[in-house]
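Chemist: Structure below; questions to follow.
The values are calculated or read from the model by the stated rules, or taken from the named source; none is laboratory data. Note that the structure is a prediction, hence the values are computed from the model and not measured. Cβ placement follows ideal geometry from the backbone for every residue including glycine, while neighbour counts extend to all protein chains displayed. Ligands, DNA and RNA are stripped out before the accessible areas are found, and what is left, the full protein with its side chains, is counted by its heavy atoms. Shrake-Rupley method; radii C 1.70, N 1.55, O 1.52, S 1.80 Å.
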Amino acid sequence: MDSYILRQCRRITAPIFFGYIAIGIPFGVMIVQAGYPWWMSLFMSLVMYSGAGQYIAAGLLGAGAGVLEIVLTEFFVNIRHIVYGLSLIEKTKAVGRWKFPIVFTLTDETYAVLTATDVPPSVPAGPFLGMIGILDYIYWTAGCVIGALACSFLATYGLSGYLVGVDFALTSLFLIILFSQIKASGDWLPPLAGFSSCLLSVILCRTGLLAPSNIIFLAIILGVDVIMLSRGRGFARGGARQMAAFVSFIVLSLVLAAGLVLISLSGGGESRTPVAGNSGMAVAVAASVLSGAVIFCERLFPFALFARRDPPPAIQFVARYIPSMVIAILIVYSLKDAELFSYPFGIPQLAGGALALLLNILARNHLVTIFGSTAVFMVLSRVMQG
C-alpha cells in the first residue's frame, strides 16, 4: 500500500474515526450489559458492520428474539444500501479487485465520504477508495471492542460522560459534504427533498406512527418520490411503457411507505428493550452471520446487476440527484433526538451546526471545522445539562 494513499485516507477519514469511536463504545457496553461476552461485540462488528443494524440487533438479542425476526428486521433497516450502491456504480467501475472491500464497507458515513471525495491525480482509484472503507471498518470495530472491554471501568470511574457529544463530528462532516455538493451543483431541490422527507419521518416516529428503525428508509422513499415528480418527468415522456414504469414506481413506493407506517402501528419493526433472558449464544452467532450476509447482498446487488453493462439513464439520474438528498437525510437523522420544544431547545445542535457552516466558509479546513464545531457542541451539551 502506497504511504501517500494511506496518509491521504487517514486525513479524510479522521472525523469518522472520532465519530465511530464515540458511537461504537456504547454498542460494546450494550452488548456486555445484555449478558454477552466482550468478544461478541468484536464478532458482530466484523461480520455485520452496520451501526444502526448492530444496535437494533443488540436490542432484539437482549429481548430474546429469534434468528428469523432479527434477519428480517436487518433486511429492512439496511435496504437503503441498495440506493447507495446505485449512485456509486460509475465511480467504482475501474477499481478492480478492490470492489469487494468497497462494497463490504459501504456504510452511511463511508458512502458520504466516497461521494464527496475525488481520487487524487495519478493515484489508482481502487486502493484509494478501498482504503477509506477499510479504515472506517477498523475505526468502528475498535470503538465497539473498546466499549465492551472498558464497560466496567467506564461505569466505575464515570469517564463515559466525557465522550458524550463526540459523535457530533459525523454531523459536522455531513454538513461540510452537503455544502460542497450544493456549491458544485447549484441545485437545492435534492437536499430540500431529503430534509423535508426525513423531518416528516422523525415527526411520524415521535408521534408513534413509525418505528425508529424505519426513519431513514421511509425518508429515502419519500425523497426519491419528490425528486422523481419534479425532475424525473422526462422518463414519463419516453412513451407509454416508460410512463407506466414511472407511475408504477410512484404508486408502489407510496404503498411501501404506507406499509411501513402500518407495520409500525402494529408493533412490528421495532427494537425492544433488553431484558433478562436474552437469546442464546447460538442464536446470537447465527443471527449475526446471516444478518451480515443479507446486508452484504444488499450492498452488492446494484454492483453485480450492472457489472457487465452500462447502467440505464435511470441510474445516471440516481447518481446525479440522490447523493445530496441522502446526505441531507443523514443530517436530520443524526439530530433526530434534539429537544427543540423543551430545554435545551436544540441550542447545542443549532450552535454546533451554525459554527460548522461558518468555519467551513471562513477557514476552508475540514479538520478545523469539524473539531471546532464538535468542541462547541460538547461544551454546550455538558453546560446545559447541568
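Chemist: Accessible surface of THR374 in the full protein assembly, 1.4 angstrom probe, to the nearest 10 Å²?
Modeler: For THR374, solvent-accessible area is about 10 Å².
Chemist: Give the Cα extents of region 1-52 along the principal axes, in whole Å, largest first.
Modeler: Extents along the principal axes: 43, 20, 16 Å.
Chemist: Write down the radius of gyration of region 71-220 and its Dmax, each obtained from C-alpha positions, in Å.
Modeler: So, for region 71-220, Rg and Dmax equal 18.0, 52 Å respectively.
Chemist: Check cross-link reach from LYS99 to the lysines: straight Cα distance under 23 Å, and skip same-chain residues fewer than eight apart.
Modeler: LYS91
Chemist: How large is ³J(HN,Hα) for each residue in region 63-80, as worked out from phi by the Karplus curve 6.51 cos²θ - 1.76 cosθ + 1.60 (θ = phi - 60°), to whole Hz, x for Gly and Pro?
Modeler: Computed from phi, the couplings for region 63-80 are 8, x, 5, x, 4, 4, 4, 5, 5, 5, 4, 5, 4, 6, 5, 9, 5, 4 Hz.
Chemist: Straight-line reach from LYS183: which aspartates and glutamates have Cα under 17 Å away, leaving out those fewer than 8 places along the same chain?
Modeler: Those aspartates and glutamates meeting the cut-off are ASP118.
Chemist: Compute from the Cα atoms of region 1-151 the Rg and the Dmax, the latter being the longest Cα-Cα distance, and quote both in angstrom.
Modeler: 16.2, 52
Chemist: What FRET efficiency do you get for LEU340 and PHE153 if R0 is 41 Å and r is their Cβ-Cβ distance, rounded to the nearest 0.05?
Modeler: Calculated transfer efficiency: 0.70.
Chemist: Could you pull the Cα extents of region 330-386 along its three principal axes, largest to smallest, in whole Å?
Modeler: Its Cα atoms span 34, 25, 13 Å along the three principal axes.
Chemist: At LEU362 and ASP2, where each label point lies 7 Å from the Cα along Cα→Cβ, what is the point-to-point distance in nanometres?
Modeler: That separation, rounded to one decimal, is 3.6 nm.
Chemist: Quick check for you: with a 1.4 Å probe and neighbouring chains kept, what is the accessible area per residue of region 1-142, in Å²?
Modeler: 36 Å²
Chemist: In addition: Give me the accessible area of LEU173, 1.4 Å probe, in Å² rounded to the nearest 10.
Modeler: Roughly 10 Å² of LEU173 is accessible to a 1.4 Å probe.
Chemist: What's the extension gain from SER122 to TRP39 if we count 0.36 nm per residue and subtract their Cα-Cα distance?
Modeler: 25.8 nm is the gain from fully extending SER122 to TRP39.
Chemist: Using only the Cα atoms of region 48-131, what are the Rg and Dmax in Å?
Modeler: Values for region 48-131 (Cα only, Rg and Dmax): 15.6, 52 Å.
Chemist: While we're here: What are the ³J(HN,Hα) couplings of region 108-115, residue after residue, when phi is run through the Karplus curve with 6.51, -1.76, 1.60 and θ = phi - 60°? Round to Hz, x for glycine and proline.
Modeler: Karplus-based 3J(HN,Hα) across region 108-115 equals 4, 5, 5, 4, 4, 5, 4, 6 Hz.
Chemist: Taking R0 as 35 Å, what FRET efficiency do you get between ARG97 and LEU72 from their Cβ-Cβ distance, rounded to the nearest 0.05? Display every interim value, and only then the final one.
Modeler: Numbers: r = 32 Å, r/R0 = 0.93.
Once rounded, the FRET efficiency stands at 0.60.
Chemist: Then there's this: Go ahead and run the numbers for FRET between LEU254 and VAL383, Cβ-Cβ distance against an R0 of 45 Å, rounding to 0.05.
Modeler: The calculated FRET efficiency here is 0.50.
Chemist: Suppose the Debye formula is applied to equal point scatterers at every Cα of region 163-214; what is log10 I(q)/I(0) at q = 0.21, 0.29 Å⁻¹?
Modeler: For region 163-214, the Cα-only Debye profile gives -0.90, -0.99.
Chemist: Rounded to whole Hz and in sequence order, give me ³J(HN,Hα) for region 18-28 from the Karplus expression 6.51 cos²θ - 1.76 cosθ + 1.60, θ = phi - 60°, writing x for Gly and Pro.
Modeler: 5, x, 5, 4, 5, 8, x, 4, x, 5, x
Chemist: If DNA, RNA and ligands are ignored and the probe is 1.4 Å, what is the ranking of GLU298, GLU69 by accessible area, most exposed first?
Modeler: GLU69, GLU298
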